[in-house]
Amino acid sequence: MMSLSPVSGGSAAANYYSSDNYYTLEQANETSEWVGKGAEELGLKGPVDEKVFADILDGKLPNGDVIEAPNGEHRAGLDLTFSTSKTVSLLALLGDDKRIEVAMKESVEVTLAWAEENLIEARVWNKEESRQERENTGNLVAATFAHDVNGNGEPQLHIHAVVIN
């Protein structure tokens, strides 16, 4: 199952994604990863650094550039949350079946690669027609975070893929 929700910017959001793993809190950053060609172009790879993530959510790029929001309306990104069923989560987490966790991670990677190729786009200004147009960029910038519990503290294997706007 996948659910979508908007992401707020800044350190509060970065802290939530990097530490919301109650069973394995010390491993939270180890289960995070930068994803996408856009992330690579920005020099982002490996585990997600909380400060860098917070800055990017606020529109501050690693090279020092700042992406200004038109009319002051900044949309940090979108959280795509991929979740398994309760039964599968119990088998993976309480049954210690690592194959399920690997399969979950691989399925998210394949889904994000497909989205990068087919869905990721930017709005560009067409001066001749005085309007915005959509252009497929193929440059995804996302941070993934594997979590093992839900908001109620129950076993729930899920992966947040925060797609940066």
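The values are calculated or read from the model by the stated rules, or taken from the named source; none is laboratory data. Keep in mind that what you see is a predicted model, and the values were worked out from it rather than measured. In this analysis, Cβ positions are derived from the backbone assuming ideal geometry, glycine residues included, and neighbour counts consider all displayed protein chains. When the accessible area is computed, the model is the full protein with side chains, heavy atoms only, and any ligands, DNA or RNA have been set aside. Shrake-Rupley method; radii C 1.70, N 1.55, O 1.52, S 1.80 Å.
Assorted remarks:
- For Ala13: the one exception among (1) at pLDDT below 90; (2) open to solvent by 40 Å² or more (accessible area, probe 1.4 Å); (3) not in a loop (DSSP other than H, G, I, E, B): (2)
- Within segment 97-115, the residues that satisfy the criterion of being in a helix (DSSP H, G or I) and without any contact (Cβ under 8 Å) to a residue 24 or more places away in the chain are Lys98, Arg99, Val102, Ala103, Glu106, Val110, Ala113, Trp114.
- For segment 116-165, the tally of residues that are part of a strand (DSSP E or B) and within 14 Å of the chain's Cα centre (by Cα) stands at 13.
- Subset of segment 36-57 [open to solvent by less than 30 Å² (accessible area, probe 1.4 Å) and either at pLDDT 95 or above or closer than 11 Å to Val141 by Cβ (or both)]: Gly36, Gly38, Ala39, Leu44, Phe53, Ile56, Leu57
- One residue stands out among those in segment 80-128 that are under 23 Å from Ala54 (Cα atoms) and among the β-branched types (Val, Ile, Thr): the one that is most open to solvent (accessible area, probe 1.4 Å), which is Ile120.
- Residue match in segment 71-79 (condition: out of contact with any Gly (no Cβ under 8 Å at 6 or more places or on another chain), in a loop (DSSP other than H, G, I, E, B), more than 25 Å from Gly10 (Cα to Cα) and open to solvent by 30 Å² or more (accessible area, probe 1.4 Å)): no
- Evaluating Ala69 against the criteria (1) of a type outside the set (D, E, K, R); (2) touching a helix residue (DSSP H, G or I) at 6+ places or on another chain (Cβ under 7 Å); (3) without any contact (Cβ under 8 Å) to a residue 60 or more places away in the chain leaves one unmet condition, (2).
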